[in-house]
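Laboratory data are not the source of any read-out in this text; all were calculated from the coordinates shown. Predicted model, so just to flag it, every value in this text is computed and none were measured. Neighbour counts run over all protein chains shown; Cβ positions are idealised from the backbone, glycine included.
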Amino acid sequence: MNLSAEAIDRIVANVLNQFSTPKAAQIASTKPTGISSAESRPNAPPAEPVAPESEPSRSEVQISDSVITAETLHRIPDGSQVIVKPRAIITPAADDIVRQAKLMIERRLESQTAASTQSSSGKAPSASNSTSTLGAAIVRHSSALDSALEELKLKSRELVSCPDDAAKQAISEISRNGVNTMLIFAEQQHRAACLANRNERVKAVVVRDASDVQQIRKQLRANVWCLDPTDRSYYELKNVLKMITESGRSPS
């Protein structure tokens, strides 16, 4: 086969080009594809694990009623921990509310509740602290009231079904020196005050605003304050409660 001079020149040029290709280019051409940057860095530190979100703390509400009804549980915020008596009866309708509102029911003796409060504070009750102890019996509940009470250091806080039970709770707390000041929140605040005053150790009064507290303080040493929280704003309730608690620090 006879080749022309031009054909021979092209063949020689192609051969020379192949021999002149850089070695790095040949190695790069043989590198396998599909390898990620993470695989090419075997010593890269692993991603830090994400810490699990902590479960939100539950608010604790104590109910002293012997029978727990749906009407009572309707006033409790969703997700709360509800402390009841060991033998308290929960009605079927109330049991439905427990499931719907995701409430946690705990049966506890009153002595266990006091011990739990003491251990959580890390301090034993003393005579100096007893002069500023507060308790609350709540018949009429509202979100504004709940917010206002969160700013107070309440030793006891119980939801009761009627003003009669609220008065009994106030008498019990004052008589056994559980607290030195009780707060009753009910629509029938005058009835609650009247019933509570049947005990000689109780001086119950009805108040509406901070000015009432000032006037009452000039005339007697009240230890049970009855207030209707219906249609009251957070700031109104806060001002009244602030005046009551500040007055309560004065010497008896």
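Structure summary
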item: Amide H within-cut-off set for E60, under 5 Å, with H built and near neighbours excluded; result: Q81
item: Two-site label geometry, T69 and A7: point separation in nm, points 7 Å out along Cα→Cβ; result: 11.3 nm
item: Under 5 Å, built H, 5+ apart or other chain: amide partners of E187; result: R140
item: Karplus-derived 3J(HN,Hα), 6.51/-1.76/1.60, for each residue of segment 69-83, Hz, glycine and proline x; result: 9, 5, 4, 5, 6, 4, 8, 9, x, 4, x, 7, 9, 10, 9
item: For V202, distant residues with modelled amide H under 5 Å away; result: none
item: Fully extended contour minus Cα-Cα distance, from S175 to E60, at 0.36 nm per residue; result: 38.9 nm
